[in-house]
Each structure stands twice: as C-alpha cells, then as structure tokens.
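A short write-up of the structure that comes next.
Just so you know, all these numbers are worked out from the coordinates, no wet-lab data involved. Source: prediction; values computed, not measured. Positions of Cβ are backbone-derived with ideal geometry, glycine not excepted, and every protein chain shown enters the neighbour counts.
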Amino acid sequence: MQSFARGCKRRGLRIAFVPTMGALHAGHLSLIRRARSAADVVVVSIYVNPTQFGPREDLAAYPRTFRRDATACRRLGADVLFAPAGLYAADHSTWVEETQQSRGRCGTSRPTHFRGVTTVVAKLFNIVLPDVAVFGQKDAQQCDVIARMIRDLHFPVRLIISPTTREPDGLAMSSRNRYITPAERARAPHFHRALAAAAKLGPSRAATEARRLLKRQGFRVDYAEVANGRLCAAIFLGKARLIDNVPVKGARSKSADDG
Ligand code: PAF
C-alpha cells in the first residue's frame, strides 16, 4: 500500500482516503463519492480496529460484509480497497492519544475508544499517505479528535467532514442500526427529531431540552451535550448505542464539508 501511494505521489496524483470498519451503508458510500470528487486516486480501507472497542463492547459481533463492501467500492470507482488482516504486532506498545477533544461525550462511557481511533488512523495515514481524508459528520467527536491530531502531529492531510446521511425518517445511517429490532426501529427516528427540536432553543438550553425530550420518548440517555457548536447525544436502544448530532441555532459551528 505504501509503495503504491509513493508511486502515486511520484506521478503527481493526489490521494483521497476514506477509512472505514466495513459493513458499508449509504453514509459510507457518500464519503467515497466525496473522496472521488476531491482527488485523483481514492483509497478505502476496511479494518475492524480492535483497540477502539472496550472489553464489553461488540468487537466479535461487529458486522462483517466484506464481499458486498468490495462490490460497492468497485461500483463507486474506488481505486484501492485496503483491507489489512492485522495492523498491530503482538508486542505493539506505541499509542497516539489526544487528551482534550477525547474527553467527555463518548469519551466518558468509552474511555479507551479515542486512543484506539487516533492510533489506528495515524497508522493508516502513515501507510496510505493521503492528501485528503474524508470522515462523516455523524461521528462529530471523532472528527474533532482527528482534526486536533492532524494539527498537533503535523500530518499533511486535509480533513473533509462530510454531512450525515439519514434515512427518509431522519435516523442517521450507522452500521449499528442492524442491531435494532423492528419495534426499536419504529421508535428510532424520535432520536433525531428530539435533537432537531432541542437545537432550535440555542446553546444554553439545547442540551437540557434534548435530555428531557429523549427521556420522554423512553430512551436511556448516555449523554446530550453542546460541543463545538453542535448538539451531540448518545442513547441506548435495545442492544444498540446510537449517536447523532445537529448544529445548534445561534452557536458558532464548524460546518460539515468544510473542505
Ligand atoms: O469511523 C470509523 O469507522 C472508525 O472509527 C475508523 C475511523 C475507521 C477508525 O477505525
């Protein structure tokens, strides 16, 4: 992968990179399309990164749909599908840790998650050598953490944050939506609706109102918080933990797709 990337650079070709854990859905496909429009060569990676899962999380159960994913990548014109079998030596002992943006929100209930994400994304950047990397706005905190890592570690990578892809009823697309039952799926759109309604109240009231509305809908709320101009929340719905975020009216916000 690295020598292919170096070859691209020698020929003056720019690389756009979409890192994923597979189980590709319409949201990922929109990231690949965005990458296609941003550079000459598109690299998609599929790697279910063990270090970003906590000990009681869904690593073993995480959906793996490689053949379908590969077909989708080919159809969208991705040039390379990089799917390493493993990225960690048995005695791996080096970590990349961001210590500010990783705190709070998902970092509270998933204390080792972002360390796993920054470590694997740094590895992938060093292997794929991208000029541009495309991440989804749905993972707002991940975007904040990666933006900070790129800045702090001087990665020569431009970050493009691509808007969240939603089902027609507003539910944000996620690989973890597969975990919800039909009855839970029927309730799931209330998550986004509650956030959209609460965000209209502005930065000082949005989070309290979101918690109230989400509880009224019967969701178990992990958190609802305004961060970097967005109302971000996580809820539990059956076996799934779902996250979503929306811009808050009147708050200063970094826009999606700021590329
Ligand atoms: O967003 C994801 O799917 C993962 O966190 C990522 C960026 C591919 C790192 O494993």
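Structure notes:
- Distance between modelled label sites at ARG14 and PHE66, nm, 7 Å Cα→Cβ extension: 3.3 nm
- Here the residues LEU237, LEU31, ranked from fewest to most Cβ neighbours within 10 Å of their Cβ, fall in the order LEU237, LEU31.
- Exposure proxy ranking, count of Cβ atoms within 10 Å, fewest first, for LYS200, LYS123: LYS200, LYS123
- Between ARG75 and THR208, the FRET efficiency from the beta-carbon distance, with R0 = 51 Å, is close to 0.70.
- Taking the range 8-42 and a reference point 7 angstrom along Cα→Cβ of VAL48, the backbone N atoms nearer than 20 Å belong to 19-29.
- Here the dipole of the chain is about 520 debye; that uses its Cα centre as origin and unit charges on the Cβ of Lys and Arg (positive) and Asp and Glu (negative).
- The fewest-to-most ranking of HIS28, HIS192, HIS154, HIS92 by surrounding Cβ atoms within 10 Å reads HIS154, HIS92, HIS192, HIS28.
- Estimated inter-spin distance, ARG187 and GLU167, nm [label 7 Å along Cα→Cβ]: 1.4 nm
- Tilt relative to the chain, helix 113-128 - C-alpha long axis, 0 to 90 degrees, to 10: 30 degrees
- Three principal axis lengths of the chain [C-alpha, angstrom, descending]: 56, 38, 37
- Charge dipole (debye, nearest 20) of the range 149-259; +1 at Cβ of Lys and Arg, -1 at Cβ of Asp and Glu: 340 debye
- Furthest towards positive pole of dipole, GLY116, PRO130, THR165, structure part the range 78-173, Cβ charges: GLY116
- Rounded to the nearest 0.05, the FRET efficiency derived from the C-beta distance between ARG103 and LYS249 at R0 = 35 Å is 0.85.
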